[in-house]
Amino acid sequence: MSGKRIRLLIWKEFTQLRRDPLLIRLLLVMPVAQLILFGYVVAVDIRNLATAVVDLDRTVTSRKLEAAFSGSGYFTITQTPRTEDDLRPLLDRGTVKVALVIPEGTQDRLTRGETAPIGIIVDGSDSQISAVGSGYASQIVAQFNADRREASGVAIEAPGIDARVRVMFNPTLDPVNTMIPGLIAAIMMISLMVIMSQAVVKERESGTLEQMFVTPIKATEYLIGKLTPYAALATAQMLLVAAGGLFWFRVPFNGSVWVVLVGLTLFMFTCIGLGLLVSLVSRTRHQAQQAVMFIMIPTMVLSGFIFPIQSMPAIIQPLTNLIPLTFALQVLRGAFVKGSDFAALAVPMLALVGFGVVIFGASIVATRRRISE
């Protein structure tokens, strides 16, 4: 391997970029435009939220309240931890999005004609889910109180269940706090897919790819020289969007920088691999553009970036596990909003490792075969 040849290849790629001023402008303007356009989203109808119930009362009233939540269609009770302390790991890992805590003595307070407070804890790492979920929970408790008064024959307002909603991780419910971390990953994927999809096919159209193959350049040198400039540009874009989110939109950062860097690095390999595969299989730049659009549309829709996964039909939700962006969003939102560490994000991190090894590895093998032909 020759370091001089690698440096010359890197210089060649930067020279080609410099000769295309429109591309440079797009690379700088596109992340800023996307940051503004996608920084604000509207909520959609959400059903079947994964819910945990901590029933410390264990009475007829607590079971009726639990049944009211599970029968509403908005909440699906998947966990029943024994204590409130067991809730935090479930919320950190994203296993549940809502938790209902029924304190001991709830039924006794209602029997004595007193107000009985209960706790409703909502995961604020997804502003749409937290806003809609807390609203649904309050409506269910209000209807529960109304049904109880009607059953007891009390026509006037009487003490009942007092739902005290607590939003964890994003108490202000500001959607920007959850959208900006996702934008970092989304913009990186869009940029790398668009640029890398043109990397090889552009040289094939101009005829320089065949000229490259007859030179002493080795496959490894070609790959390093080809990928390094685009990885550097992706890093610059990531820093630009992160700085805009932190200092312009005032998005709080509660986690570790290392968690973000490791997650984005793993995701970057996947994005580069996808773009390179598209470029290798495409004969023209138009074909590459169409292939990128074919990949990007389902990726943006199914990853949970725009629409919460919980709002999708049950038959569609398993398909989200085939989207690398899904796990990148979990890492970034977990680090930014929740302050999650590597242990809490072990599953999405391992998923990104798997995607990176398979997709980036496949692109490297395909490129080496192409050069060796």
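Here are some notes:
- Just one residue in the set 108, 123 is within 28 Å of residue 159 (Cβ to Cβ) and of a type in the set (Asp, Glu); that residue is 108.
- Top-ranked residue in region 278-300 [being touching a helix residue (DSSP H, G or I) at 6+ places or on another chain (Cβ under 6 Å) and of a type outside the set (A, V, I, L, M, F, W, C); ranked as surrounded by the fewest Cβ atoms within 10 Å (Cβ to Cβ)]: 285
- Residues of region 95-126 classified as part of a strand (DSSP E or B), small (Gly, Ala, Ser) and more than 23 Å from the chain's Cα centre (by Cα), total: 2
- Total residues in region 130-146, condition among the aromatic types (Phe, Trp, Tyr) and closer than 11 Å to residue 68 by Cα: 1
- Total residues in region 313-350, condition within 15 Å of the chain's Cα centre (by Cα) and modelled with pLDDT under 85: 1
- Test: residue in region 262-277 that is part of a helix (DSSP H, G or I), of a type in the set (A, V, I, L, M), under 20 Å from the mean Cα position of the chain (by Cα) and exposed (fewer than 14 other Cβ atoms within 10 Å of the Cβ): no
- Considered as a group, the residues in region 71-94 that are surrounded by 15 or more Cβ atoms within 10 Å (Cβ to Cβ) and hydroxyl-bearing (Ser, Thr, Tyr) include one that is farthest from the chain's Cα centre (by Cα), and that residue is 72.
Rundown of residues vs (1) among the aliphatic types (A, V, I, L, M); (2) outside the structural domain of residue 331 (by TED's automatic domain parsing); (3) farther than 26 Å from residue 335 by Cα, yes/no style:
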residue: 74; (1), (2), (3): no, yes, yes
residue: 84; (1), (2), (3): no, yes, no
residue: 110; (1), (2), (3): yes, yes, yes
residue: 116; (1), (2), (3): yes, yes, yes
residue: 121; (1), (2), (3): yes, yes, no
residue: 129; (1), (2), (3): yes, yes, no
residue: 134; (1), (2), (3): no, yes, no
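- Residues satisfying the stated conditions in region 274-315, i.e. among the hydrophobic types (A, V, I, L, M, F, W, C), within 30 Å of residue 78 (Cα to Cα) and in contact (Cβ under 8 Å) with a residue 60 or more places away in the chain: 300, 305, 306, 307, 314
- Within region 58-72, the set of residues being in a helix (DSSP H, G or I) and either β-branched (Val, Ile, Thr) or not assigned by TED's automatic domain parsing to the domain that holds residue 133 (or both) comprises 60, 61.
Every residue, every condition in (1) in contact with a strand residue (DSSP E or B) (Cβ under 8 Å, 6 or more places away or on another chain); (2) among the acidic types (Asp, Glu), yes or no:
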residue	(1), (2)
55	yes, yes
60	no, no
63	yes, no
79	yes, no
83	yes, no
90	yes, no
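- Of all residues making up region 315-343, the number that are under 17 Å from residue 96 (Cβ atoms) and surrounded by fewer than 22 Cβ atoms within 10 Å (Cβ to Cβ): 1
- Residue in region 220-235 that is touching a residue at least 12 places away in the same chain (Cβ under 8 Å), assigned by TED's automatic domain parsing to the domain that holds residue 347, closer than 26 Å to residue 18 by Cβ and in a loop (DSSP other than H, G, I, E, B) present: no
- Sole exception among (1) part of a strand (DSSP E or B); (2) at pLDDT below 70 for residue 40, by number: (1)
- Test for residue 185: is it assigned to a strand (DSSP E or B), out of contact with any Cys (no Cβ under 8 Å at 6 or more places or on another chain) and crowded, with 18+ Cβ neighbours inside 10 Å: no
The values are calculated or read from the model by the stated rules, or taken from the named source; none is laboratory data. All values reported here derive from a predicted model rather than from experimental measurement. Neighbour counts are summed over all protein chains in view; Cβ atoms, including those assigned to glycine, are modelled from backbone coordinates with ideal geometry.
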